[in-house]
Amino acid sequence: MDLYEYQGKQRFKRFGIPVSDGRLAVSPEEARAAAEEVGGQVVVKAQVLTGGRGKAGGVKLADDPADAERKARDILGLDIRGHVVEKVWIERASEIAKEYYLSVTFDRGAKRPLLMFTTQGGVEIEEVAANDPDALVRLHIDPLEGFQPWVARRLVYGAGVADPSEQKSRATRCSARSTR
């Protein structure tokens, strides 16, 4: 299943996982209205089913609604790796202390779900896999057993999350979400 960022956030929110609030826009004018609703400094993010949005100019910080409209005008219609941007997601800008990457995908070779996790979020996962493969934890899970607390711990510890309080926080959050 391929999901746009906004769709993933909507699903997470439905299951009680905290996500940043945002609005979808399909025109520069809608982006301006969304930025007015969200308030403050916002991020205008291209909604395409591919990575590399930021490097391609598909993620831009906007200081106010008028700036959000201008940034949306630049992003809408942009071709990112063969995907034309038809929608943008407007959300409040936030201070990012740390970024992680977590993916759930289906490994056709193993015929099982595959979780991938790294502390090197904010970059293309292909780069991490090629340049620092040990930083990317890969773990197959049994679909009949489901996501269990030990899976969260193995991902967190395997990725080298060093701070004990952060280890507990990440593993606990992952585990709590799996029981809902």
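How much of the accessible area of the stretch 1-96, probe 1.4 Å, is carbon plus sulfur, in whole percent?
Values: 2690 of 5460 Å².
Carbon and sulfur: 49 percent of the exposed surface of the stretch 1-96.
Taking square-rooted eigenvalues a ≥ b ≥ c of the alpha carbon gyration tensor, is the stretch 30-81 rounded, prolate or oblate, where a/c under 1.5 means rounded and, failing that, a/b exceeding b/c means prolate?
Details: a/c = 2.30, a/b = 2.07, b/c = 1.11.
Because a/c hits 1.5 or more and a/b exceeds b/c, the stretch 30-81 counts as prolate.
Please tell me which of these pairs span more than 27 angstrom C-alpha to C-alpha: K13/K87; K60/K111; K13/K111?
Details: K13/K87 20 Å; K60/K111 38 Å; K13/K111 29 Å.
Listed pairs above 27 Å: K60/K111; K13/K111.
Residues of the stretch 1-66: accessible area per residue at 1.4 Å, in Å²? Please report the intermediate quantities before stating the final value.
On the way: 3690 Å² over 66 residues.
I get 56 Å² per residue for this part.
Where a ≥ b ≥ c are the square roots of the eigenvalues of the C-alpha gyration tensor, would you call the stretch 66-129 rounded, which needs a/c under 1.5, or, failing that, prolate if a/b is larger than b/c, or oblate?
oblate
How large is the helix-only mean residue ellipticity at 222 nm for the chain, computed as the sum of -39500 (n - 2.57) over DSSP H runs with n ≥ 4, divided by its residue count, in deg cm²/dmol to the nearest 500?
Values: 6 runs with 64 residues, N = 180.
For the chain, the value works out to -10500 deg cm²/dmol.
If you take the square roots of the eigenvalues of the alpha-carbon gyration tensor of the stretch 1-108 and sort them as a ≥ b ≥ c, do you get rounded (a/c under 1.5), prolate (a/b over b/c) or oblate?
Working: a/c = 1.75, a/b = 1.27, b/c = 1.38.
Oblate.
Take the Cα radius of gyration of the chain and divide it by 2.2 N^0.38 Å, with N its residue count; two decimals is plenty. Don't skip to the end; give the middle numbers.
Values: Rg = 17.7 Å, N = 180, 2.2 N^0.38 = 15.8 Å.
Here the answer is 1.12, to two decimals.
What does the charge count around V123 come to, taking other residues whose C-beta lies under 15 Å from its C-beta (Lys +1, Arg +1, Asp -1, Glu -1)? If you can, show how the numbers build up before the last one.
Values: positive: R53, K55, K98; negative: E99, E124, E126, E127, D132.
Net charge around V123: -2.
Arrange the peptides 53-60, 13-20, 124-131, 80-87 so that the one whose residues have, on average, the most other Cβ atoms within 10 Å appears first. Write out the running numbers ahead of the final one.
On the way: 53-60: 17.2, 13-20: 10.8, 124-131: 13.0, 80-87: 14.8.
Highest to lowest by the protection proxy: 53-60, 80-87, 124-131, 13-20.
For the ranges 23-33, 153-163, 98-108, what's the packing order if you count other beta-carbon atoms within 10 Å of each residue, average per peptide, and put the highest first?
Result, highest mean Cβ count within 10 Å first: 23-33, 153-163, 98-108.
Based on the Cβ-Cβ distance of L114 and R73, what FRET efficiency does E = 1/(1 + (r/R0)^6) give at R0 = 25 Å, to the nearest 0.05? Present the calculation step by step, with values, prior to reporting the outcome.
Values: r = 38 Å, r/R0 = 1.54.
The calculated FRET efficiency here is 0.05.
The values are calculated or read from the model by the stated rules, or taken from the named source; none is laboratory data. This is a predicted model, so every value here is computed, not measured. Here the Cβ is made from the backbone with ideal geometry for all residues, glycine too, and neighbour counts use every protein chain on show. These accessible areas exclude ligands, DNA and RNA; they are computed on the full protein's heavy atoms, side chains included. Shrake-Rupley method; radii C 1.70, N 1.55, O 1.52, S 1.80 Å.
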